[in-house]
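Each remark here refers to the structure printed beneath this line.
Throughout, read-outs are computed from the coordinates displayed, never taken from laboratory work. Just so we're clear, the structure is a prediction, and the values are computed from it rather than from any experiment. Note that we place each Cβ from the backbone using ideal geometry, even for glycine, and neighbour counts take in every protein chain shown.
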């Protein structure tokens, strides 16, 4: 019997071909080279709305480069990124974020000399007060929006267990706490999809469980995730579908059970 997830390379069928709902995120034949090295080679990937999708592969497989292409931190040499039905690969990265596609980083990026609360508030977008003359024309609306954003920031910090550290410098947080802050800060933008780059990297097991629980809870509330992760226990327990890359190319995709049984994945990723 032929394993339906053993097709490889650029010709591997996208899940959207078998699923009625259009994908929220659809990477089509993406390629990116650095000098003579092709880091991403005609990669396809699809993320269904409301899902937790995983992206795995050995070191050097091109996963982070692919994330940079999806968020448009890098421009692809060829191919397209379709998000929520519209192409975004030609937009500036800040505009991609405004469209609702945001990302976190393997090493959490926080503004160390600002408080945890101020880190949260800086993530808010499209505020009336961003336009100078509104400071005089719409002071009441600005004050109302600021209160709403402050309330939301406190609510999110409470949800990740950081409310007690709201007035501490973000630089005083542990690595795991910085990951939680970065996750909460991403949610301040009210995104449609969050790209998580190794949320468990450098985090102790207790915090890994907490991060997993938060991801599940936010997903149940309607948030969509695409996750790069080397912690196989985490990725297999969280994800609905998993994509596998090796040497810059698609290797396989399917359910966690399918991926664990795929001989090509075991050989390329697990060395078996």
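Points worth noting:
- Here region 208-272 is treated as a sphere whose radius is the Kirkwood value from Cα pairs; by Stokes-Einstein at 20 °C and 1.002 mPa s it diffuses with a coefficient of 168 µm²/s.
- With R₀ set to 45 Å, the beta-carbon distance separating residue 122 from residue 261 gives a calculated FRET efficiency near 0.50.
- Cβ-Cβ distance of residue 168 and residue 230, R₀ of 25 Å, FRET efficiency by 1/(1 + (r/R0)^6): the value works out to about 0.25.
- If you plug the beta carbon distance of residue 93 and residue 151 into 1/(1 + (r/R0)^6) with R0 = 25 Å, you get a FRET efficiency near 0.30.
- Placing a label point 7 Å from the Cα of residue 107 along the Cα-to-Cβ direction, no residue of region 192-236 has its backbone N under 11 Å from that point.
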